[in-house]
1. Kindly indicate which of A:L84, A:L94 is at negative phi and open to solvent by less than 10 Å² (accessible area, probe 1.4 Å).
2. So which residues in region A:145-169 are open to solvent by 10 Å² or more (accessible area, probe 1.4 Å), in contact (Cβ under 8 Å) with a residue 60 or more places away in the chain and either within 7 Å of chain B (Cβ to nearest Cβ) or farther than 16 Å from B:G166 by Cβ (or both)?
3. Within region B:1-10, can you find the residues that are in a helix (DSSP H, G or I) and more than 9 Å from chain A (Cβ to nearest Cβ)?
4. Considering region A:11-56 alone, what residues qualify as being at the interface with another protein chain (Cβ under 8 Å from one of its Cβ atoms), touching a residue at least 12 places away in the same chain (Cβ under 8 Å) and of a type in the set (A, V, I, L, M, F, W, C)?
5. Select from region A:97-144 the residues that are among the hydroxyl-bearing types (S, T, Y) and open to solvent by 10 Å² or more (accessible area, probe 1.4 Å) and list them in ascending order.
6. Taking only region A:167-201 into account, find how many residues are in a helix (DSSP H, G or I) and among the hydroxyl-bearing types (S, T, Y).
7. I'm told B:T211 meets every condition in (1) surrounded by fewer than 20 Cβ atoms within 10 Å (Cβ to Cβ); (2) modelled with pLDDT of 95 or more; (3) in a loop (DSSP other than H, G, I, E, B) except one. Can you identify the failing condition by its number?
8. Kindly provide the set of residues from region B:168-204 that are touching a Leu at 6+ places or on another chain (Cβ under 9 Å) and of a type in the set (D, E), ordered by number.
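The values are calculated or read from the model by the stated rules, or taken from the named source; none is laboratory data. Just so it is clear, the structure is predicted and the values come from calculations on it, not from any experiment. Note that each Cβ is placed from the backbone with ideal geometry, even for glycine, and that neighbours are counted across all protein chains shown. The accessibility values were calculated without ligands, DNA or RNA, using every heavy atom of the protein model including side chains. Shrake-Rupley method; radii C 1.70, N 1.55, O 1.52, S 1.80 Å.
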Number of protein chains: 2
Amino acid sequence: MWPAGARRRAGLALAALAAALALEALAAWRRRRRRPPPVREVLFFPSRLTCTEALLAEAAAPGTCLCPLPRGDCALSRLLRRLLSARRSLELCLFAFSSPQLGRAVQLLHRRGVRVRVVTDAQYMALNGSQIGLLRRAGIPVRHDQETGFMHHKFAIVDKKMLITGSLNWTTQAIQNNRENVLIVEDEEYVKPFLAEFERIWEEYNPINYTFFSKENK
Amino acid sequence: MWPAGARRRAGLALAALAAALALEALAAWRRRRRRPPPVREVLFFPSRLTCTEALLAEAAAPGTCLCPLPRGDCALSRLLRRLLSARRSLELCLFAFSSPQLGRAVQLLHRRGVRVRVVTDAQYMALNGSQIGLLRRAGIPVRHDQETGFMHHKFAIVDKKMLITGSLNWTTQAIQNNRENVLIVEDEEYVKPFLAEFERIWEEYNPINYTFFSKENK
């Protein structure tokens, strides 16, 4: 057997170690509790057709819309809710944008003071039904490519921390008829490179770089 | 002060607690060490043009290709490498598939014994340059939609644990000219729903459900 003094010292050392480990475990548990896990959601389309009026009307009151569409959740309403959670900024990088509901959501955010910026494809934005003209008229800055290839991205970044991306073009055809996917992601490993890609494209598509052809040059 | 017996028992209890916490911390550290962090990669296109021959030639030996393209990494070669890491299975759910390099990679995996299954869009697979006919002739099972909407997904699942998805159609136009993104993801929260979506579509597009129109019915 060890002498009593050594036993006491060993006991104290063990008690100190136990206390330190317990404190560390408590701190780790608190860190996990304080930081909610990152959003990791997948939406699949075609979306069920439901009424999205309650989400989009600025002074939304339940039961205000009299349309016969069913109420309840669908892929489109979940996408709208994620977008409408924006408080400070919204970056949009969209090949095609003609969905009236998504257009209304973006204008609503703009009116609420969210800083919205849009990058789009030049060929597509000129098509009938495009929302781009409406957004521009509402005062939202839009930039577009002048390239032969397509600006084929379809992503949004909410408050610089939530990435919404996938195969879905923001058109009614895609939402209602196509097989499509959308990922909603808060992991930094994805959000940061997409934010950098947006800023890169935003600078490249600066109107001071646009080239114009006048009739005289023809 | 406590009596000696109580002190001894308290010391032993603390020692047991310390040992238990230390063992738990060690086990958690070992678990973290054993499981590499999930792959979280983002690729942006257009891809730089480089020689991908060394990746695709079955008996690849460095320096065998005499083409003048630069060597080195690019978005396409990184995508190819992820695909070629498949050992057991590859699910493809692709709107458009005409890239010869990606077609060769899929055929290479099929020859190596990887179970490849392809779902695609009926309108697009009939276009000139589509790889779908070549894959079918090589013995790879392909199913397609008979819907009015597009099967617009563009994703692959490697060995049921790595998801490759984004805006990129598997065409040379998209790879070389478009602004595109591809996410490479091992997080279960994303991989599982995409796998379920693939199986759902695979069953829905079972050829026993196809409808055919004969001339007599016209």
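1. When all the criteria are applied, what remains is A:L94.
2. Listed by number, the residues that qualify are A:Q146, A:D159, A:K160, A:M162.
3. Selection gives B:G5, B:A6, B:R9.
4. A:V42, A:F44
5. Of everything in region A:97-144, those that are among the hydroxyl-bearing types (S, T, Y) and open to solvent by 10 Å² or more (accessible area, probe 1.4 Å) turn out to be A:S98, A:Y124, A:S130.
6. Counting residues in region A:167-201 that are in a helix (DSSP H, G or I) and among the hydroxyl-bearing types (S, T, Y) gives 2.
7. For B:T211, the failing item is (2).
8. Answer for region B:168-204, where residues must be touching a Leu at 6+ places or on another chain (Cβ under 9 Å) and of a type in the set (D, E): B:E180, B:E186, B:D187.
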